[in-house]
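Novice: The structure is given below, and queries will be raised subsequently.
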Amino acid sequence: MSRIEQRFAELREQNRAALIPYVTAGDPEPGATVPLMHALVEAGADLIELGVPFSDPMADGPVIQKACERALRFGTGLRDVLAMVAEFRKRDTTTPVVLMGYLNPVERMGYDTFAETAKAAGLDGLLTVDLPPEESEDVVDLLEQSAIDPIFLIAPTTSEARIDHVARAARGFVYYVSLKGVTGSQSLDVSALAERLERLRRHTGLPLGVGFGIRDAETAAQVARVADAVVVGSAIVRLAEEHDGDGAGYARAAAAVVGEMRRAMDAARSPGAAATV
């Protein structure tokens, strides 16, 4: 059982939804990332989604685009990000870490080299936004040989046939993009989300994580009632801009947001909580 499978199994027994914060590696400066990851876990994060800085992040809104630009000022690349994962593993051997980014840096490193390096670093999952599941077989095979879960996105516009394809290729969990748009945009219709997740569960037994549009603890709690995991990115990453050059301040502020979300999510799943969305 992978670390991701193990974590979701534990949470299922506790009737809790996973809280998965996203942060951009190397933002606001490279030395801040590993302490930030530890701070998020201590505040209640169940998995960490670590963004690989990229110059053209097509799925990301302005908040994460700016974070990538700040990280790239320091030359933060994929090898640096994997080194951060390895450093994180020196203290934390149980929290799953998923890289989220784009295919170009992985292709540049080479799939074999990436898989070997990522396995040695202790990586648990890889989500590449622009890797179509229909073209992923070779990559998925390499990842699985290295015990790394390939994670795929499903959007509101994804067809039933494509959902089946994703369900066959994915491991760990499926990431449902709750909005038509980029990260940090619009507001979330939780009732419509609940209906869509029920449809997705007909295609896969994997946990369903929901991201894009989760702005605060209240929204996180609403999503936690219907999803297996809540992924929050822009609401955390925007704090890095407020604390540019102050990694410790960013970690404290991000941990406070994660802690508030964790408490709200747990309350939403408690036996006496209202079942409506």
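Novice: PRO105: net charge of surrounding residues, Cβ under 13 Å, Lys/Arg +1, Asp/Glu -1, itself excluded?
Specialist: Net charge around PRO105: -2.
Novice: Write down the Å³ per residue value for the convex hull defined by the alpha carbon atoms of the stretch 203-277.
Specialist: Spelled out: Cα convex hull of the stretch 203-277, divided by residues, is 102 Å³.
Novice: Can you tell me the FRET efficiency between GLU241 and THR94 if r is taken as the Cβ-Cβ distance and R0 is 25 Å, rounded to the nearest 0.05?
Specialist: It comes out at approximately 0.20.
Novice: So for the stretch 121-277, what are the equivalent ellipsoid semi-axes in whole Å, largest first, each being the square root of 5 times an eigenvalue of the Cα gyration tensor?
Specialist: 27, 22, 15
Novice: Which one of PRO30, LEU50, PHE8 is farthest out on the positive end of the charge dipole of the stretch 1-69, using unit charges on Cβ (Lys, Arg +1; Asp, Glu -1) and the Cα centre as origin?
Specialist: Highest projection toward the positive end goes to PHE8.
Novice: Given labels modelled 7 Å from the Cα in the Cβ direction, how far is it in nm from ASP141 to ALA194?
Specialist: Roughly 4.4 nm, to one decimal.
Novice: Further question: Counting only DSSP beta bridges with both residues in the chain, tell me the antiparallel percent, nearest 5.
Specialist: 0
Novice: State the percentage of accessible surface on the chain attributable to carbon and sulfur atoms; use a 1.4 Å probe and exclude ligands, DNA and RNA.
Specialist: C and S fraction of accessible area: 47 percent.
Novice: Over the stretch 48-171, average the accessible area per residue using a 1.4 Å probe and give it in Å², no decimals.
Specialist: Averaged over the residues of the stretch 48-171, the accessible area is 44 Å².
Novice: Dividing the alpha-carbon Rg of the stretch 1-135 by 2.2 N^0.38 Å yields what?
Specialist: For the stretch 1-135, the normalised Cα radius of gyration comes out at 1.03.
Novice: A follow-up question, please. What distance in nm lies between label points placed 7 Å from Cα along the C-beta direction at PHE74 and SER55?
Specialist: 2.0
Novice: Treating only the Cβ of Lys, Arg, Asp and Glu as charged (+1, +1, -1, -1), what charge dipole size does the stretch 106-192 show about its Cα centre? Round to the nearest 20 debye.
Specialist: Its charge dipole is roughly 340 debye.
Novice: Return the calculated 222 nm mean residue ellipticity for the chain, to the nearest 500 deg cm²/dmol, obtained by summing -39500 (n - 2.57) across DSSP H runs with n ≥ 4 and dividing by the residue count.
Specialist: Calculated at 222 nm, the ellipticity per residue is -14500 deg cm²/dmol.
Novice: Quick check: Cα centre of the stretch 194-257 to Cα centre of the stretch 34-94, how many Å?
Specialist: 15
Novice: Explain nothing, just compute: Karplus ³J(HN,Hα) = 6.51 cos²θ - 1.76 cosθ + 1.60, θ = phi - 60°, for every residue of the stretch 119-136 in order, whole Hz, x for Gly and Pro.
Specialist: Each residue of the stretch 119-136 in turn: 4, 4, 6, x, 6, 10, x, 9, 10, 10, 4, 9, 9, x, x, 5, 10, 9 Hz.
The values are calculated or read from the model by the stated rules, or taken from the named source; none is laboratory data. A quick note: this is a predicted structure, and the numbers were derived from the prediction, not measured. Methodologically, a virtual Cβ is constructed for each residue, glycine included, from the backbone with ideal geometry; neighbour enumeration extends over all protein chains shown. With ligands, DNA and RNA removed, areas are computed over all heavy atoms of the protein, side chains included. Shrake-Rupley method; radii C 1.70, N 1.55, O 1.52, S 1.80 Å.
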